[in-house]
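Everything below concerns the one structure shown next.
The values are calculated or read from the model by the stated rules, or taken from the named source; none is laboratory data. Since the structure is predicted, the reported quantities are computational estimates derived from the model, not experimental observations. Ideal geometry is used to build each Cβ from the backbone, glycine not excepted, and the neighbour counts take in all protein chains shown. We work out accessible area using only protein heavy atoms, side chains counted, and drop any ligands, DNA or RNA first. Shrake-Rupley method; radii C 1.70, N 1.55, O 1.52, S 1.80 Å.
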Amino acid sequence: MRKQKDASPDPTTAPEQTRLLVLHGPNLNLLGTREPRYYGSTTLAEINRALAQRAERAGVVLETFQSNHEGALIERVHAAREQNIRYMIINPAAYTHTSIALRDAVAGSGIAFVEVHLSNIHAREPFRHHSHFSDLAIGVICGLGSEGYLLALEYLLRRIATE
Ligand code: CA2
């Protein structure tokens, strides 16, 4: 009898799955509960679920991390380098405008990333106009609400598929 072909990939030759990290900065855990004018009514859990589902369909592993603590975000970025995270999507929230420490961690990681903001930071108070991350980012999406995260993911999936 002919041996049936094994459907599972050979672990010795299968390429490692591509891993992505989505990093959410301080207060984004409150999404969907307050300030819908700026940040919409979608919760962070809903955003993370939509991203994970889309990534899974593409065969990519996507992890999400939110913290209200600068050090925790920095340490997550350090760990991402060790974990071979291929790309990141980052909404540094208020740390966008203040954190050189997080910027240095992201720059030091060498991991390419897309910066996302729910609101249009350029149409808001002047102190939100400058980002410590934008010059390092592949690109920046802002003002498109929670869709911005999905658009960033679409871009990265397309980029991964062609590299
Ligand atoms: O528009 C964005 O995504 C921001 O990164 C959000 C930050 C803000 O400091 C940036 O300038 C732009 C604030 C996140 C706070 O999120 C909240 C969500 C619901 C209720 C309160 C805060």
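Scanning the stretch 78-98 for residues that are of a type in the set (D, E, K, R) and under 15 Å from the mean Cα position of the chain (by Cα) returns ARG81, ARG86. Scanning the stretch 14-69 for residues that are of a type in the set (D, E, K, R) and touching a residue at least 12 places away in the same chain (Cβ under 8 Å) gives GLU16, ARG19, GLU46, ARG54, GLU63. A count restricted to the stretch 103-124 and to residues that are in contact with a Phe, Trp or Tyr (Cβ under 6 Å, 6 or more places away or on another chain) and of a type in the set (A, V, I, L, M) stands at 3.
Residues that are open to solvent by less than 60 Å² (accessible area, probe 1.4 Å) and within 13 Å of the ligand (Cβ to nearest atom) within the stretch 47-68 comprise ILE47, GLN66, SER67, listed in sequence order.
The residue of the stretch 91-133 that is farthest from the ligand (Cβ to nearest atom), among those that are under 20 Å from ASN27 (Cα atoms) and among the hydroxyl-bearing types (Ser, Thr, Tyr), is SER99. I'd like to know if the stretch 25-46 contains one or more residues that are in contact with a Phe, Trp or Tyr (Cβ under 8 Å, 6 or more places away or on another chain), more than 9 Å from the ligand (Cβ to nearest atom) and open to solvent by less than 10 Å² (accessible area, probe 1.4 Å). Scanning the stretch 25-46 turns up no residue that is in contact with a Phe, Trp or Tyr (Cβ under 8 Å, 6 or more places away or on another chain), more than 9 Å from the ligand (Cβ to nearest atom) and open to solvent by less than 10 Å² (accessible area, probe 1.4 Å).
Does TYR149 fit the bill of being aromatic (Phe, Trp, Tyr), closer than 26 Å to GLU35 by Cβ, under 12 Å from the mean Cα position of the chain (by Cα) and at pLDDT 95 or above? Spelling it out, TYR149 is indeed aromatic (Phe, Trp, Tyr), closer than 26 Å to GLU35 by Cβ, under 12 Å from the mean Cα position of the chain (by Cα) and at pLDDT 95 or above. Of all the listed residues (ALA105, ALA94, ALA112), the sole one being closer than 19 Å to VAL140 by Cβ, in contact with a Gly (Cβ under 8 Å, 6 or more places away or on another chain) and not hydroxyl-bearing (Ser, Thr, Tyr) is ALA94. The single condition from (1) under 16 Å from the mean Cα position of the chain (by Cα); (2) more than 16 Å from the ligand (Cβ to nearest atom); (3) more than 13 Å from LEU20 (Cβ to Cβ); (4) open to solvent by 40 Å² or more (accessible area, probe 1.4 Å) that ARG159 fails is (3). Restricting attention to the stretch 88-107, the residues that are in contact with a helix residue (DSSP H, G or I) (Cβ under 6 Å, 6 or more places away or on another chain), open to solvent by 10 Å² or more (accessible area, probe 1.4 Å) and outside any helix (DSSP H, G or I) add up to 1.
In the stretch 108-140, the residue that is most open to solvent (accessible area, probe 1.4 Å) out of those that are charged (D, E, K, R) and in a loop (DSSP other than H, G, I, E, B) is ASP135. Any residue in the stretch 141-149 that is open to solvent by 20 Å² or more (accessible area, probe 1.4 Å), within 15 Å of the ligand (Cβ to nearest atom) and part of a strand (DSSP E or B)? Taking every residue of the stretch 141-149 in turn, at least one turns out to be open to solvent by 20 Å² or more (accessible area, probe 1.4 Å), within 15 Å of the ligand (Cβ to nearest atom) and part of a strand (DSSP E or B).
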